[in-house]
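To keep things clear, I will list the structure first and then write my remarks on it.
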């Protein structure tokens, strides 16, 4: 009786593929984009919106540098292949031919490059809008909508590739490890670089808070004092 053969992804060992800086970049971008999008229409959270947008621009600049000097699968030269390679990959995927391997696939690579470019464009137009350009504000909104659509397409692609390829493409971006040939693995997660990036982001956020208008900080302090006072009154009442 014939039995279905296992795919390469199912038979390969789990090796370290994604370094810590790439994974940190990915999840910080997710968090910042979500926060910036949710705060876009609120004047009260304008500073938060601007801070998260500038953080995304800084992260993209880092990712461009890391795409040149980073580990094997972080480098653009290892996964950017062009539209024809992406089309061939999609055809093979829908035909049921598994094309495994470590790193980004050609189709996902194009989406990543496009998202990086749109993020920089959104940051530039957003800053111009912040300084008072109405035309830049309209362009910024259009670019962000395009970025949102591309993010949705990227998520759908990850889900589809996970289902058709019978492997979880999200988990490796959390753990850094994926099923691949041993020679495709990397030797170091470069945790120190990731910690430096995280320190830079947190430092920038702290600096932005220090530069915030005094009324904003005063309002935050008043809210904290009111909450603390309310908690004290409740304790006194209970006693």
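Of the residues making up the range 73-90, at least one is over 21 Å from the mean Cα position of the chain (by Cα), closer than 24 Å to residue 13 by Cα and surrounded by 14 or more Cβ atoms within 10 Å (Cβ to Cβ).
Rundown of residues vs (1) in contact with a helix residue (DSSP H, G or I) (Cβ under 6 Å, 6 or more places away or on another chain); (2) in a helix (DSSP H, G or I), yes/no style:
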| position | (1), (2) |
| --- | --- |
| 132 | no, no |
| 135 | no, yes |
| 147 | yes, yes |
| 164 | yes, yes |
| 194 | yes, yes |
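A single entry from 218, 214 fulfils the requirement of being farther than 30 Å from residue 19 by Cα, modelled with pLDDT of 55 or more and surrounded by fewer than 14 Cβ atoms within 10 Å (Cβ to Cβ): 214. For the range 13-28, the candidate set comprises residues that are under 20 Å from residue 74 (Cβ atoms) and not in a helix (DSSP H, G or I); within that set, the residue that is modelled with the lowest pLDDT is 14. In the range 91-130, of all residues being at pLDDT 85 or above and in a loop (DSSP other than H, G, I, E, B), the one that is farthest from the chain's Cα centre (by Cα) corresponds to 105. From 184, 141, grab the single residue that is closer than 30 Å to residue 86 by Cα, in contact with a strand residue (DSSP E or B) (Cβ under 8 Å, 6 or more places away or on another chain) and surrounded by 14 or more Cβ atoms within 10 Å (Cβ to Cβ). Exactly one residue qualifies, and that residue is 184. I'm checking my understanding of the structure. Among residues of the range 102-118 that are out of contact with any helix residue (DSSP H, G or I) (no Cβ under 7 Å at 6 or more places or on another chain) and closer than 23 Å to residue 177 by Cα, which one is surrounded by the most Cβ atoms within 10 Å (Cβ to Cβ)? By that ranking, first place goes to 112.
Here residue 140 passes the criteria (1) assigned to a helix (DSSP H, G or I); (2) in contact (Cβ under 8 Å) with a residue 24 or more places away in the chain except the one numbered (2). Scanning the range 29-88 for residues that are part of a loop (DSSP other than H, G, I, E, B) and without any contact (Cβ under 8 Å) to a residue 60 or more places away in the chain yields 39, 41, 42, 43, 44, 45, 75, 80, 81, 82.
The values are calculated or read from the model by the stated rules, or taken from the named source; none is laboratory data. Because the structure is a prediction, the values reported are computed rather than measured. Methodologically, a virtual Cβ is constructed for each residue, glycine included, from the backbone with ideal geometry; neighbour enumeration extends over all protein chains shown.
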